[in-house]
Amino acid sequence: PRVGETPAHIGGTTLFGDNVEDEWFIVYLVREITRDFPGLAARIDDNDGEFLLIEAADFLPKWLNPENSENRVFFYKGELHIIPLSESLEQDWDLSAPCPTISEALALLSTRSEEFLAAEPIRAAVYKRIDGYPEKIRASLHRAQCYLPAAIAAVLRQRPSLVAAAVQAFYLRDPADLRACRRPFQTFPPEQRVMTVVTFTRCLYAQLVQQKFVPDRRSGYTLPAPSHPQYKAHELGMKLAHGFEILCSKSGQVSPDSKRNVLSGPLWERFLRSLKEKDYFKGEMEGSAKYSELLHMAEDYFQQSVTTPESCVEVSPGDEILALLQTTPVDLKEFEREAACLPPEDDDSWLDITPDALDQMLKEARDDSLPSANEEEQKYDLEAVAESMKAFVSKVSTHEGAEMPWSSDESHVTFDVDSFTKAIDRILGADSEELDSDDLDEEEEFGFSDEDDEDSGAGNQTRNQKVSPDELIGSLKSYMHEMDRELAQTNVGKSFTTQKKGASSVAAAPSESAGPDCGAEDPELAPVDVDMNLVANLLESYSAQAGLAGPTSNILQSMGVYLPENTDHSGLS
């Protein structure tokens, strides 16, 4: 239906829980729908926002950020499209430009979709996650034998999807839920159990099998010895029975997801945004008591006035299970006959990941084209580490973090010659007339007065002279040399690696020329080997990561430098 300025559309919300693959399967379905129906455009997001852009974050243009990405990312004719800023806004780099409305975005897509096709790297990153569907659907399922109450087997035969609600109820159980399991089961007693095959997703199976749980003796459920050949089937059936019993114990209650679903759609988001624009919260800070009170009032009004009763009332899984039990016959003998010739269950060795398999998964997630560890060791050059780090520290840094330099086609460079010249003059030296009264007061405060000079005339003459840049640089070098000489005998100075004598006469030249009396008086003062100290500290930090993610590997990998594995267990010498 048409809602406000939004054209007629079909929308939906899916709770995918911990199974992220379900979310990407929905992305695949949305893409295929727009491919089969070229007149349709579709957009999809989750609780993280535009997660399609998050997947392709390494390839996004500079102007695109979470604040201006709403209503810009669409699937259209089976391809991913991104609506850019208008040409005038791009030239001004107005990153806070308002997002287009749905109607504006659809109008642009219908007339100029070829111009908005996402760049190839962006599309490749997104399409890589949905590659292999629909074949991957079968690979994501797992069949397992379960020793279940016959009533649950009958319910699952009619509605296989209820296994997800039962696993979730057991997996997310709390002490209040377990009250229904600390007495004899009312709905699914253990007396009439049968062996059957249940189909899970791999995520649901892993959640169920990995949790350790001992049933209460009052429930009537017991487990055989772990050495029993069907111990796993009994354990899985017991856990599922507890999940179904918890669901039925909550029957008649309003589903906790119903209110959340109503308040998570785009209609609520637009309603909340309009309240903020009209100063409904009266400047209250988000999260404060007054803000929360006003927010709850708005939520109640929205549910009562905007939504229809049919849309906000959901049948709870427990009510659905009880309704199916009223209409579904339970033939115990038929289940027993089927149990005699059950198909084999799937191998669950995929739950165990070896270190080699984990390394391969990490390598594929990082970059398929990266060389192996042996190739890295053979071709590795430590000079690349130092040069990359020097290049990194010289790049642009903003409040959002350090950035790599923009490419020539993205950068907008302006150069003011006069401003540049004045800035250089201020750095290299300025006339004494440019000093204000505050500067003169500071000189008097620290004792830099004419009385310290040999005579006042000479002092005035000195102040009126213009100090050359060469003299300033020479004086600065003298100060630096004095500091180096004092620090050389401290723990700070001894912690640095210095250049060996005769190793680099070019590097030693600045220190020798720093002053008229340096070099001859301090033959032991050798220049610090900057590259060696940089590489040594980086390698020490990388070794301390013990193979895990850390600052050194993250920074170097962002610049395309990948350190080999640390095979030297003796540490740095």
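Annotations for the structure displayed:
- HN-Hα J in Hz across segment 232-245 - Karplus 6.51, -1.76, 1.60, θ = phi - 60°, x for Gly and Pro: 4, 5, 5, 5, 4, x, 4, 5, 5, 4, 5, x, 5, 5
- Virtual spin-label span in nm between Asp131 and Leu117, 7 Å along Cα→Cβ: 1.9 nm
- The HN-Hα couplings worked out from phi for segment 276-286 by the Karplus form 6.51 cos²θ - 1.76 cosθ + 1.60 (θ = phi - 60°) are 5, 5, 8, 6, 5, 7, 6, x, 5, 6, 4 Hz, whole numbers, x standing for Gly and Pro.
- For Gly17, no residue has an amide H sitting under 5 Å from its own, ignoring neighbours fewer than 5 places away on the same chain, with H placed 1.01 Å from N.
- Long pairs among Lys62/Lys290; Lys250/Lys333; Lys136/Lys333; Lys232/Lys333; Lys62/Lys128, criterion Cα-Cα beyond 28 Å: Lys62/Lys290; Lys250/Lys333; Lys136/Lys333
- FRET efficiency, 1/(1 + (r/R0)^6) with R0 35 Å, evaluated for Ala289 and Leu40 via beta carbons: 0.20
- Compared with the alpha-carbon gap, the fully stretched path from Leu141 to Glu486 is longer by 117.2 nm at 0.36 nm per residue.
- Glu334 paired with Asp216, simple spin-label distance in nm, labels 7 Å along Cα-to-beta-carbon: 3.4 nm
- Nearest-10 value in Å² for the accessible area of Ser86, using the 1.4 Å probe: 60 Å²
- Distance between the pseudo-spin-label points of Lys282 and Gln158 (7 Å out from Cα toward the beta carbon): 5.3 nm.
- Two-site FRET efficiency, Ala323 against Ser558, from Cβ-Cβ distance with R₀ of 60 Å, rounded to 0.05: 0.60
- Anisotropy class of segment 85-228 from Cα gyration tensor, a/c 1.5 cut: prolate
- Karplus-derived HN-Hα couplings along segment 23-31 (A = 6.51, B = -1.76, C = 1.60, θ = phi - 60°), whole Hz, x at Gly and Pro: 5, 6, 5, 5, 4, 4, 4, 4, 5
The values are calculated or read from the model by the stated rules, or taken from the named source; none is laboratory data. Remember, predicted model here, so these are calculated numbers, not experimental data. Every residue, glycine as well, gets a Cβ built from its backbone with ideal geometry; the counts of neighbours run over all protein chains shown. Accessible surface is based on the protein model in full, side chains and every heavy atom, while ligands, DNA and RNA are left aside. Shrake-Rupley method; radii C 1.70, N 1.55, O 1.52, S 1.80 Å.
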